[in-house]
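A short worksheet on the structure shown next.
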Amino acid sequence: MNTISHKKYPLLLTVTMVLFTICKIYFMYSNTFAPSNLVSALIRTGIALTAFYFILNYILFRINFILKLVIHEIFALVLLSDILYFKYFNTLPSGTELKMLNIIPSLLDCIKELFQPEYLLLFCDILILAFFHLFWNNKDRTPLKAFRSNSIIALVLLTAVIFDSAAFGSGNSYQLYDSYGILHFHGSQIKNLFSSEETYNSSTIAIKSLEKPSQNSLTSPKNFGIAKDRNVIILQVEALQNFVINRSYNGQEITPNLNKLIKQDSIYFDSYYYNIAKGGTSDAEFTTLNSLYPASDAPSYSKYTDINLYGLPKILKDMNYSTVAFHGFTPEFWNRAKMYPTVGFDSFISIDKLKRDEIIGWGISDRSMLKQASKYLAKAKKPVCAFLVTLTCHYPYNLPNKSIALKLPQKQSTFIERYIQSANYTDAAIGEFIEALKKSGLYDNSILAIYGDHHAIGCSDPSLVKQMTELLGVRYDVAEMANVPLIINIPNSNIKETNSTVGGQMDFLPTILNMMGIDKGNINFYGQDLSNAKHGFATTQLVLTKGSFIDDNNVFLASADGIFENGTAWNRKTKAKVDLEQCRAGYEKVIKENEECSYLLSNNLLLEPQTLDADKQVADNNAISRNSFMQTFAQVITVTLKHR
C-alpha cells in the first residue's frame, strides 16, 4: 500500500480538517442564521481553526489518530447541538447550558423529533479522514529541526488568533457571533462554565429604589381588594399559547373549559406575553412570582440560588399563608429543589412524592398531578398559596391514543395538530381540577390564575410559520408566538372582563397584589398592575435579543449587534413597518432596567434597595465580578457606608 510522506501527511490532515470544519459551520449557519459579516466571520474562523489543527497535527503529532478524530468531531457535535437548540428555542445556546447535560435523557423524544437525516452530514468526514490515515504507515519521528520550525509557525498562528480573539472580552455573545461567527460566540462563553462573572457599566447604572407605577398613588385603584384574604391557586400551563383560546379546530373547541372560565367571574388578559430568557419554564416561574427580569446569560434558577428574593410566596407567608408547589417531574430539573425554598415555598410535591399512576411524556400526566394536588389542597393549612406547573402539553406533543379527544380530518396528524390535541388534553385536566376544587369547598374562597409559560410553535421553521399564518389569518411573527393567555378567576365576583393592555409575566405580581388588597410598600418589582396601567409594555429574551419589546402599538426587535439603528420595528396589529425612533425610549428602558435588576440580584440587594450615585461608583467602566468575593464585599461596604 502506498503511503503519504510523514512530512506531507500532517499538512494534508490539517488542511482537510480545517476545510471540513468550515463546511460544517456553513451548514450550521444555513440551518440557523448566518452572521451579518459572513465572509469576515469565515476568514477569522479559518485562521483560528488553522492554528488549532496545526498545533494538533504538528506539535502534538504523537497523539493517537483516534483521539485526534474524536477531538475533531467534537466540533461537529457542538454544531449539531446548536442546530437542535435553535430549532426548539429559536436562539443559540450559551456555555451555561452545558451545565445541564444531566437532563439529556429526558430530552430524547425532543431530540428525535428535531433531528433530520441531513444532519448526519456533519459526521460524514469520519470515513474520509480514516481513509487518509490508512495511507500513512510511516512511524518516523519528526526531526528536532522540523519540530522547531513547526513550533514557530504554530506560535505565529496562535498569536494571530489571540489578537483576533481580543473580542472575547468585549461586547455580548451575539455581537461577537454577528462579526466573528460561532467559534468566537462559544469561545466568549467558556468562562461561564467556571464562573458567574457578569459586567456592568458603572457610568450608566444608578441603582435606586424601584419606582412603582403611577397607579399605586391612586386613592381607589380598580379591582383593589376584590380577592382579599382568599386562597391563591396559580396554574402555570406548559406551552399554552393564546391562539388556542376561544378557537375551534375541525368544528371542536380546543379549550372548552378555559373558554367557559373566561365567561364568568374572570378577567382575561389577551395581550399577555412571556418574559423569559435562557431558563424557559423556570424563568416563567421566576418572573411571574417575583416581577424581576430573568438572567440574560443563564437560567435564573441556576444563577440566583443564594439570593434573598421577596416575591409572592414570601409575601403571603408573612401573612400566615402556607405555600406549596407541585410539578410532575424530577425535583432537580431546572434546579427547583434548591430554588423553591429560596422563592418561598414551604413544600415541593414532585414526582418523588406523587403516585405514578399515569405517565405521559416526561412525567406524571396533568390529569393525575392535578387530581392529586386537589386532594392535597383540600387538607392543607388555610389560607394556602399553591403553585402548580403542568407538564403533559410539552414538546414533541405525542399523546397516547387513549388521551386524544379531538377528532381530526386525517389519520396522520401534523405537528400543529399534535400540539392542539395536547392543549385540549390539558384543558380537560384543568376542568376536572376546578370541579374537584368546587367539591372540596376550596374554589369559592380562592383566586385562581392560569397562564402559559412559553410558546409551543416557533418561528424558525418556514413551513410552520406558513401553516400558522393560514390558521390565524394574520402573519405569524415573534409577537404572535410570544403571546400567552392570563386568566384570573375570582369566584362570585360577577366580573367579566377582557383586558387588552399589553403586559407580561413580570406584571403578574403587582396585578395579583392589587386584587388581594395588599399594599406593595417597598417591595422591589419591575412590572406594573395591569388593572390600572396607562400604557402596556412587555419584553422577552428567549427568542429576541435583549432590548426587544412589545407595547400597545409596536413590536421592536433589537439587532444582535446591539446597535439600536440596526433593529426592526412594526405595528403590532397591522404588521406594517414603523419608524425606529418611535421605539428608542422603550429600547433604552429595557436595557437600563435589565442592567439595574441584574445588578440588584447579583449583589443580593433586593431586600434593602439602595441609591447609588453613578459618579461615585467604582472606577468608570470597570467590570464588577459577582463571583469575586473581594470586589463584591467592597461594593456592599461602599453602599452601606453611604447610607448610614
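Residues of segment 561-581 include at least one that is within 27 Å of Phe185 (Cα to Cα), touching a residue at least 40 places away in the same chain (Cβ under 8 Å) and open to solvent by less than 50 Å² (accessible area, probe 1.4 Å). Could you go through segment 538-551 and let me know if any residue there is touching an Asp or Glu at 6+ places or on another chain (Cβ under 8 Å), of a type outside the set (Phe, Trp, Tyr) and over 16 Å from Ala284 (Cα atoms). No, every residue in segment 538-551 fails to be touching an Asp or Glu at 6+ places or on another chain (Cβ under 8 Å), of a type outside the set (Phe, Trp, Tyr) and over 16 Å from Ala284 (Cα atoms).
Please work out if Asp552 is modelled with pLDDT of 50 or more, farther than 27 Å from Ile315 by Cα and surrounded by fewer than 18 Cβ atoms within 10 Å (Cβ to Cβ). So Asp552 passes the test.
Within segment 416-443, being open to solvent by 10 Å² or more (accessible area, probe 1.4 Å) and among the hydroxyl-bearing types (Ser, Thr, Tyr) holds for Ser440, Tyr443.
Across segment 12-28, the qualifying residues are those that are surrounded by fewer than 19 Cβ atoms within 10 Å (Cβ to Cβ) and touching a residue at least 12 places away in the same chain (Cβ under 8 Å), and the one among them that is nearest to Leu69 (Cα to Cα) is Thr16. Only one of the listed residues (Asn275, Asn259, Asn290) is farther than 23 Å from Thr540 by Cβ and open to solvent by less than 20 Å² (accessible area, probe 1.4 Å). That residue is Asn259.
Every residue, every condition in (1) open to solvent by 10 Å² or more (accessible area, probe 1.4 Å); (2) not aromatic (Phe, Trp, Tyr), yes or no:
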residue	(1), (2)
Leu472	yes, yes
Met481	no, yes
Ile512	no, yes
Gly517	yes, yes
Gly521	yes, yes
Phe525	no, no
Asn532	yes, yes
Gly536	no, yes
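If you check Ala429, Ala456, which single one turns out to be assigned to a helix (DSSP H, G or I), touching a residue at least 60 places away in the same chain (Cβ under 8 Å) and not charged (D, E, K, R)?
When all the criteria are applied, what remains is Ala429.
Out of Ser202, Ser179, one residue alone is open to solvent by less than 40 Å² (accessible area, probe 1.4 Å), assigned to a helix (DSSP H, G or I), more than 30 Å from Leu391 (Cβ to Cβ) and modelled with pLDDT under 95. It is Ser179. Being open to solvent by 10 Å² or more (accessible area, probe 1.4 Å), under 24 Å from Gly279 (Cα atoms) and either outside any loop (DSSP other than H, G, I, E, B) or out of contact with any helix residue (DSSP H, G or I) (no Cβ under 8 Å at 6 or more places or on another chain) (or both) is true of Gln541. The single condition from (1) β-branched (Val, Ile, Thr); (2) closer than 16 Å to Phe132 by Cα; (3) open to solvent by 60 Å² or more (accessible area, probe 1.4 Å) that Ile43 fails is (2).
Across segment 465-485, a minimum of one residue is classified as among the acidic types (Asp, Glu), part of a helix (DSSP H, G or I) and either closer than 16 Å to Ile416 by Cβ or modelled with pLDDT of 95 or more (or both).
The values are calculated or read from the model by the stated rules, or taken from the named source; none is laboratory data. Note that this is a predicted model, so its numbers are computed, not measured. Methodologically, a virtual Cβ is constructed for each residue, glycine included, from the backbone with ideal geometry; neighbour enumeration extends over all protein chains shown. Note: areas computed on protein heavy atoms with side chains; ligands, DNA, RNA excluded. Shrake-Rupley method; radii C 1.70, N 1.55, O 1.52, S 1.80 Å.
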